[in-house]
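The values are calculated or read from the model by the stated rules, or taken from the named source; none is laboratory data. Since the model is a prediction, treat every value here as computed from it, not as a measurement. Cβ atoms come from the backbone with ideal geometry, glycine included; neighbour counts cover every protein chain shown. The area values use the complete protein model at the heavy-atom level, side chains included, leaving out ligands, DNA and RNA. Shrake-Rupley method; radii C 1.70, N 1.55, O 1.52, S 1.80 Å.
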Amino acid sequence: MSEGRKHTRRRALSEEEKKQLRERSNKCISRYCNYAALVIILVALASYVVGKGDAFFSQFGIMVSIALLAIAAINDPTRK
């Protein structure tokens, strides 16, 4: 029979590693929020141009995009 994988404990992360991990994850969240806001705005604009835009959904899309951009700005690790 094969030997199983040995279970070892992970070492605790240092404060510098925690800070780097936090910055990386915040940067990733910020980037995805920006992309989502861009897609929502583009869909709202395209539906308006095509003539199928609903006023409620256009306003709702713009509000959601603004909220996503605010989240992205808060989570941006390069922001001072």
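For every residue, the table says whether it meets (1) touching a Gly at 6+ places or on another chain (Cβ under 7 Å); (2) more than 16 Å from I71 (Cβ to Cβ).
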| position | (1), (2) |
| --- | --- |
| H7 | no, yes |
| E17 | no, yes |
| K27 | no, no |
| V39 | no, no |
| S47 | yes, yes |
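L13 passes every criterion in (1) open to solvent by less than 100 Å² (accessible area, probe 1.4 Å); (2) of a type in the set (A, V, I, L, M); (3) in a helix (DSSP H, G or I) apart from (3). For C28, the conditions (1) surrounded by 13 or more Cβ atoms within 10 Å (Cβ to Cβ); (2) in a helix (DSSP H, G or I) all hold with the exception of (1). Applying the criterion of being without any contact (Cβ under 8 Å) to a residue 12 or more places away in the chain and among the charged types (D, E, K, R) to the residues of region 35-77, the residue that is most open to solvent (accessible area, probe 1.4 Å) is K52.
Only one of the numbered conditions (1) in a helix (DSSP H, G or I); (2) at pLDDT below 80 is not met by V49, and that is (2).
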